[in-house]
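The values are calculated or read from the model by the stated rules, or taken from the named source; none is laboratory data. Since we're looking at a predicted model, the values are computed, not measured. Neighbour counts run over all protein chains shown; Cβ positions are idealised from the backbone, glycine included. Surface accessibility is based on the protein's heavy atoms, side chains included, excluding ligands, DNA and RNA. Shrake-Rupley method; radii C 1.70, N 1.55, O 1.52, S 1.80 Å.
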Amino acid sequence: RRPRVSIAMVFEAVLEKILQRYLGEYVAGIDRKNLQLAVWKGHIIMKNLRLKKSALDFLKLPLEIKTGYVKELEMQVPWRSLSTSPVHVRLRGVYVYATMTPISTTTEAKTTRFIKQQKIKEAEMLKDMKLQETLFNKIIANLRVTIE
């Protein structure tokens, strides 16, 4: 006898992949074990996410993250009215300890690494974008972020 797979379980797996794709370059710890979901209510909570060392690289600044974390990331997604209602993202307990790095040694390497990562990410995203594009665009268009 096969184990039962509910729609909620499938949805959780898809949501985990989406969160990993869009937040995974900034934080570690996105997995189903860490997701607290009220899926159909659109309430998502992740706790104790670790900032990746490369989380600020997109800023192209001479900074190196030594340690950092987000104590809680909470999302409220209005599934029934995505095109008209905002998606709320609340970050609680954000801590970042970063140091300055010498400009001459890191800027060029970081820029090159960032460009390579962006090209790889763009190629991967193009594969899956058709199905997720409409939903994602609606979410981003109505996104509201609060950092506490």
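Suppose all protein chains stay in the model; what accessible area per residue would a 1.4 Å probe give for the range 21-93, in Å²?
About 57 Å² of surface per residue is accessible.
If r is the Cβ-Cβ distance from Ile115 to Thr67 and R0 is 30 Å, what FRET efficiency results, to the nearest 0.05?
Working from the Cβ atoms, E equals 0.70.
Quick one: which of 73-79, 62-68 comes out on top by average Cβ neighbours within 10 Å, and what's the full order, highest first?
73-79, 62-68
Once you sort the root eigenvalues of the Cα gyration tensor of the range 55-102 as a ≥ b ≥ c, which label holds: rounded (a/c under 1.5), prolate (a/b larger than b/c) or oblate (the other case)?
Oblate shape, in that a/c is at least 1.5 and b/c is the bigger or equal ratio.
Using a basic spin-label model with each label point 7 Å from the Cα along Cα→Cβ, how many nm lie between Ser81 and Thr99?
The modelled label-to-label distance comes out at 5.0 nm.
Quick check: net charge around Leu91, other residues with Cβ under 11 Å of its Cβ, Lys/Arg +1 and Asp/Glu -1? Display every interim value, and only then the final one.
Details: positive: Lys71, Arg90, Arg92; negative: Glu72, Glu74, Glu148.
Local net charge: 0.
How many Lys pairs in the range 32-82 lie less than 21 angstrom apart by Cα atoms, where the lysines are 8 or more positions apart or on different chains?
Final tally of qualifying lysine pairs is 11.
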